[in-house]
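> One structure follows; several queries about it will come next.
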Amino acid sequence: MAKKGRSPSPKSARAPVRPSAARPAGPAPSGTAAAPTRHAVRPRRSTYIEAVVIYERGLEALQRHDFQVAADLFESVLRQYPEEKELHERVRLYLNICQRQAAPREAIPQTLDERLYAATLAINGGNYDQAIVNLRLVRDEDPDNDHALYMLAVAHAQRGDLAEALAHLERAITLNPENRALARTDPDLEPLRGNETFRTAVDTAAGSRGVDRRRLVRTRFTR
């Protein structure tokens with residue numbers, strides 16, 4: 001029996017390819033790097049350039065240790081260019097350095113008399129710590145200097161160090177009994193007056209020597 005031949009199957013029809021529609025312009029999809037946008041560089045103000053020139057001159061003067069000239073230049077930047085705020089912080093930093101270096105420094109006392117005088121000024125000004133520093137130097141160099149010991153008693157009494165004050169006062173009176181009469185009426189020793197040790201020290205009969213009035217004047221602190 002003859003086989004019937006298969007009729008060829010029709011090929012599946014392919015859908016026509018449509019051209020893709022043009023994408024509308026818009027932001028790039030997520031994950032796609034956008035092209036960098038160039039910003040115009042803002043030019044520096046002419047005043048900024050002028051201020052920097054003066055600032056650099058100030059730095060040069062500072063490096064030469066010409067502190068007063070440098071300070072004047074830095075101050076002129078602050079005064080003449082108030083709008084240059086970004087420069088002011090650095091200017092003020094160096095200006096403070098110049099002002100500290102240019103400030104006159106007090107001469108350091110070297111001799112016993114200079115230290116005693118400096119201590120007297122310090123006590124009169126209420127700077128008892130500085131007075132004690134100078135007086136201890138005198139005491140270390142001249143342990144029997146009753147003037148320095150008496151002033152140490154005053155400085156410690158005013159600072160509230162009563163035990164230290166009494167010890168120095170007793171030593172000063174032992175070395176020179178004239179200090180007893182001075183201590184009786186000295187207002188700078190007022191913090192000690194309620195202390196029994198103080199009363200005993202100043203009420204004890206004075207030695208055979210009379211009180212030297214010139215010394216009383218010298219040891220008082222003129223306020």
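> From zero up to wherever the largest Cα-Cα distance of region 103-148 sits, split into 5 Å bins and tell me the percent of pairs in each.
5, 25, 32, 23, 11, 3, 1, 0
> Can you list the HN-Hα couplings for region 58-73, worked out from phi with the Karplus curve (6.51, -1.76, 1.60; θ = phi - 60°), rounded to whole Hz and with x for Gly and Pro?
Once θ is set to phi - 60°, the couplings for region 58-73 become x, 5, 5, 5, 5, 5, 7, 6, 8, 5, 5, 4, 4, 4, 4, 5 Hz.
> Stretch E114-T174 to full length: gain in nm at 0.36 nm per residue minus the Cα-Cα span?
19.1 nm
> Once the mean 1/r over all distinct Cα pairs of region 46-102 is inverted, what Kirkwood radius in angstroms do you read off?
About 10.8 Å for region 46-102.
> At 0.36 nm per residue, and after removing the present C-alpha to C-alpha distance, how many nm does the segment from E56 to V133 gain when stretched out fully?
Between E56 and V133, full extension yields 23.5 nm more.
> Oh, and also: With +1 on each Lys and Arg Cβ and -1 on each Asp and Glu Cβ, and nothing else charged, work out how big the dipole of region 102-158 is about its Cα centre, in Debye to the nearest 20.
That gives region 102-158 a dipole magnitude of about 240 debye.
> While we're here: May I ask you to order 156-164, 188-196, 131-139 by the average number of other C-beta atoms within 10 Å around their residues, highest value first?
131-139, 156-164, 188-196
> Continuing with the same structure: How long are the semi-axes of the ellipsoid equivalent to region 112-219, from square roots of 5 times the Cα gyration tensor eigenvalues, in whole Å, largest first? Don't jump to the answer; show the numbers that get you there.
Values: eigenvalues 82, 52, 29 Å².
Equivalent ellipsoid semi-axes, largest first: 20, 16, 12 Å.
Taken together, the values in this text are just the output of simple stated rules run on the coordinates, not laboratory data. Since this is a predicted model, take the numbers as computed values, not measurements. In this analysis, Cβ positions are derived from the backbone assuming ideal geometry, glycine residues included, and neighbour counts consider all displayed protein chains.
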